[in-house]
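Contents: one structure, followed by commentary.
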Amino acid sequence: MNEFVKKLWMLGLVLLLAAALAVPALAAEEETGAPNAQEEVQGEDASGGKGLASAVAIGLAALGGGLGMGIATGKAVESIGRQPEAESKIRTMLMLGLVFIETAIIYALLVVILIIFVL
């Protein structure tokens, strides 16, 4: 349990560092001619929100997919170690599971692309 808490703290620190480094990039002003139009101000606000939403969405998808793939691969290796005669069936199920996980990550990428370019 102690190692789990350490890993959780490290994850929190990494996320905090990533958020701290992203703030200046999201807060940068763009030099425009006349920012008095209300539409321009709304467009700038929306682009910052889109960027933050896209970053969070693809980050969570990649994190979840990476953890899922790692756990699945580890369990498959353990299973093959316990039952070497079932290696072909285990490998087939592992590949099928990894394909489904990767498909979910690709769907998240498509949603992020839609958020950035369409909305």
Exercise for review: Report whether or not residue 86 is touching a helix residue (DSSP H, G or I) at 6+ places or on another chain (Cβ under 6 Å) and small (Gly, Ala, Ser).
Suggested key: no
Point to revise | Unique match (being assigned to a helix (DSSP H, G or I) and in contact with a helix residue (DSSP H, G or I) (Cβ under 6 Å, 6 or more places away or on another chain)) among 47, 54 | key: 54
Review point. Looking at (1) at pLDDT 80 or above; (2) β-branched (Val, Ile, Thr); (3) surrounded by fewer than 13 Cβ atoms within 10 Å (Cβ to Cβ); (4) within 30 Å of residue 118 (Cβ to Cβ), which is the only condition residue 23 fails?
Key: (1)
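Being surrounded by 11 or more Cβ atoms within 10 Å (Cβ to Cβ) and of a type outside the set (D, E, K, R) narrows it down to one of 52, 110, so name that one.
Result of the check over 52, 110: 52.
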Exercise for review: Give 94, 98 a once-over and let me know the one that is buried (at least 16 other Cβ atoms within 10 Å of the Cβ), more than 23 Å from residue 18 (Cβ to Cβ) and in contact (Cβ under 8 Å) with a residue 24 or more places away in the chain.
Suggested key: 98
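The values are calculated or read from the model by the stated rules, or taken from the named source; none is laboratory data. Only a predicted model underlies this, so the values are computations on that prediction, with no experimental measurement involved. Backbone-built Cβ (ideal geometry, glycine too); neighbour counts: all protein chains shown.
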